[in-house]
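The values are calculated or read from the model by the stated rules, or taken from the named source; none is laboratory data. The structure presented is a predicted model; accordingly, all values stated were derived computationally and were not measured. Heads up, the Cβs are rebuilt from the backbone with ideal geometry, glycines too, and the neighbour counts pull from every protein chain shown.
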Amino acid sequence: MRYLPLDEIKEGMFLARSIFGEDGRTLLAKGAKLTKGYLQKLQVLNYTHLFIGDRKEDLDFKDPINEQIYSQAIGAVREIFLDAAKQQTLEFKTVLDVVDFMVDEVMDEDLLYNIFDLRNHDNYTYLHSVSVGTIATIMGKNWGLGRSDLKELAAGALLHDIGKMCVAGPILKKEGLLTKQEYEQMCFHPKYGFELLRSAPGVSLLSAHVAYQHHEREDGSGYPRGLAEDQIHLYAKIVMAADSYDAMTSGRRYSRTLWSHEALAQLAADVPEKYDPEIITLLAQSVALYPIGSVVLLNNLEVGLVTDVNRADIKIEFLTGEAKGQIVALAPNALLKIVRRLS
């Protein structure tokens, strides 16, 4: 499986990861043979990259959470966000049911967040929320949180941006950087989120504080209250790291998309001023440095494709050289190492 720009994808290739709409429905399913019509439609929808397989075995990999739960999570987040935007009574049962499923998935597996979502502008908000929820839940498990604590963390992470639904629509939909006045209005969204969640049936007060605190920073430079260090709850520290990482790697239109290793390096450079060092270490232990589908240069000057990632090793298929087609496992202490990511 490879992660390719749309303009490099040829007719007849197979889609290796499903594409979901903003409502969670499958727009194009994994395994679909890509036609000229499909590729033209995806270009119109502003998709820039796809996960592609040339062989049947390229389609056999495990997502951090299975596609059915992922789809349900997108739909549940979208529904409650839209209700919040319409100032309607919020029904949290569907989201909390999804949280249960997500926590079960993460508790049952020793996994890394090792693949990125396929997004366009229309589905960005909802897919970002689900990705942050997934990353934060994996981080919480690796921290040693029990199931009930993981549910609080996951709920807060999924709903961390619900307060944005109380911000004026033109600000939310604006392309490019906000003006000073627009930014000041946006800075109220954590407080709006807290107010929406603090008395919600079934939602923990700590989950509500995740929404309230996820833009705070260790040195007190964050918003909306300028909290620092121990004033910031553990759950919020986890979600602020997951939120920043996902934003950096997800292709916001007003900034360059970073590879996973670049995002982790940038976050590490911002400790201890902005982020808790232990939490950034936890993030690095919970996401793949080189996710599945990465094309990488090795220190023997050959090119390889990352086919699988786990805590023990990274599996690489050689794309060049005498070993072309062979797969090797790179352990942390192996002589063969990745020098840099190529695509």
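Mind telling me which of the residues L305, L297, L336 ends up being surrounded by 12 or more Cβ atoms within 10 Å (Cβ to Cβ), touching an Asp or Glu at 6+ places or on another chain (Cβ under 8 Å) and closer than 28 Å to T257 by Cβ?
Criteria check complete, one pass: L305.
Residue check: is L177 part of a helix (DSSP H, G or I) and touching a residue at least 40 places away in the same chain (Cβ under 8 Å)?
In short, no.
Residues of region 83-96 being surrounded by 14 or more Cβ atoms within 10 Å (Cβ to Cβ) and either part of a helix (DSSP H, G or I) or hydroxyl-bearing (S, T, Y) (or both), which ones?
D83, A84, A85, T94, V95, L96
Taking the condition of being without any contact (Cβ under 8 Å) to a residue 60 or more places away in the chain and within 19 Å of the chain's Cα centre (by Cα), how many residues in region 148-160 meet it?
3
So which residues in region 179-233 are basic (K, R) and either touching an Asp or Glu at 6+ places or on another chain (Cβ under 9 Å) or not assigned by TED's automatic domain parsing to the domain that holds P272 (or both), if there are any at all?
R217, R225
In region 1-30, how many are without any contact (Cβ under 8 Å) to a residue 40 or more places away in the chain and buried (at least 21 other Cβ atoms within 10 Å of the Cβ)?
Summing the residues that are without any contact (Cβ under 8 Å) to a residue 40 or more places away in the chain and buried (at least 21 other Cβ atoms within 10 Å of the Cβ) in region 1-30 gives 1.
Report, by residue number, each residue of region 31-45 that is surrounded by 13 or more Cβ atoms within 10 Å (Cβ to Cβ) and either among the charged types (D, E, K, R) or under 19 Å from the mean Cα position of the chain (by Cα) (or both).
K41
Taking strands (runs of 3 or more DSSP E) that fall entirely within region 231-341, which contain at least 1 residues that are of a type in the set (S, T, N, Q) and touching a residue at least 40 places away in the same chain (Cβ under 8 Å)?
Answer list for region 231-341: 303-309.
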